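As structure tokens, the structure follows; a few thoughts come after it.
The values are calculated or read from the model by the stated rules, or taken from the named source; none is laboratory data. Here the structure is a predicted model, which is why all the values come from computation and not from measurement. Every residue, glycine as well, gets a Cβ built from its backbone with ideal geometry; the counts of neighbours run over all protein chains shown. For accessibility, only protein heavy atoms count, side chains too; no ligands or nucleic acids. Shrake-Rupley method; radii C 1.70, N 1.55, O 1.52, S 1.80 Å.
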Amino acid sequence: QGETAYAVLIPTRLRGTLDVEALTESLTAVVARHEVLRTTFPEIDREPVQRVHPPRPVPLPLVDLSPLSAQDRQRALTRIVHDQESKPFDLRTGPVVRATLLRLAPRDHVLLCGIHHIAVDVPSIHLLYDELAAGHNARMRGDAAQLPALTPQYRDFAAWEQQRMAGPLRA
């Protein structure tokens with residue numbers, strides 16, 4: 001059971017030197033940093049509840065399209081993007097974020113990052129990609145990304161919203 005209607009697929013062209021291991025580590029760090037990207041929504045007594053999972057490595061499969069001719073590479077890229085857009089998310093079991101890296105040439109890649117809309121909005125997408133880039137670049141220098149503290153986290157906002165909806169302002 002899954003859905004694709006609220007899936008956000010963000011294909012991003014990455015040109016230049018790319019360290020796949022550093023990008024994978026950075027993606028794992030971004031997901032670890034943001035609870036909402038580690039949250040699932042199982043049902044208890046027919047009501048969805050949020051369950052924040054501990055951080056764990058996020059896979060970043062690499063699909064090498066570089067050996068293909070330019071025409072076949074474009075067809076493969078189009079097919080893979082379509083397949084990723086059509087792949088449902090299961091909010092009960094997660095994950096709500098997944099990624100695939102496509103190599104078009106040694107210094108030309110496309111990162112396909114799919115996130116369910118329950119976990120992301122437009123401003124969040126920019127924030128996540130900024131953090132991903134900062135993490136990758138820092139790891140390439142042998143450093144850790146220097147990112148500001150996050151407050152509040154997703155569960156804090158959800159608890160505040162529940163209290164607000166249960167109070168006198170409830171419509």
Only one of Ala144, Ala133, Ala171, Ala159 is under 28 Å from Glu21 (Cβ atoms) and either at pLDDT below 90 or outside any helix (DSSP H, G or I) (or both). Can you tell me which?
Ala144
The range 84-118: number of residues that are over 14 Å from Leu27 (Cβ atoms), under 13 Å from the mean Cα position of the chain (by Cα) and not in a strand (DSSP E or B):
4
Selection within the range 91-119 - touching an Asp or Glu at 6+ places or on another chain (Cβ under 9 Å), under 21 Å from Ala32 (Cβ atoms) and open to solvent by 20 Å² or more (accessible area, probe 1.4 Å):
Leu91
Of a type outside the set (Gly, Ala, Ser) and assigned to a loop (DSSP other than H, G, I, E, B) - does that describe any residue in the range 71-83?
no
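Let's see how each residue does on (1) in contact (Cβ under 8 Å) with a residue 60 or more places away in the chain; (2) among the basic types (Lys, Arg); (3) farther than 13 Å from Gly94 by Cβ:
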| residue | (1), (2), (3) |
| --- | --- |
| Ala7 | yes, no, yes |
| Leu14 | yes, no, yes |
| Asp19 | yes, no, yes |
| Arg33 | yes, yes, yes |
| Thr40 | no, no, no |
| Arg46 | no, yes, yes |
| Leu60 | no, no, yes |
| Ser66 | no, no, yes |
Which numbered condition trips up Gln71, out of (1) of a type outside the set (Ser, Thr, Tyr); (2) in contact (Cβ under 8 Å) with a residue 24 or more places away in the chain; (3) out of contact with any Pro (no Cβ under 6 Å at 6 or more places or on another chain); (4) on the phi < 0 side of the Ramachandran plot?
(2)
Among the residues of the range 62-78, are any among the aliphatic types (A, V, I, L, M) and out of contact with any Leu (no Cβ under 7 Å at 6 or more places or on another chain)?
yes
Name every residue in the range 28-67 that is open to solvent by less than 70 Å² (accessible area, probe 1.4 Å), among the hydrophobic types (A, V, I, L, M, F, W, C) and out of contact with any helix residue (DSSP H, G or I) (no Cβ under 6 Å at 6 or more places or on another chain), in order of residue number.
Ala32, Phe41, Val49, Val63
Taking Leu18 and the conditions (1) closer than 16 Å to Arg139 by Cα; (2) of a type outside the set (S, T, N, Q); (3) not in a loop (DSSP other than H, G, I, E, B), which numbered condition does it fall short on, given that it satisfies the others?
(3)
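Here is a check on your reading of the model: is Arg13 assigned to a strand (DSSP E or B) and of a type in the set (Lys, Arg)?
yes
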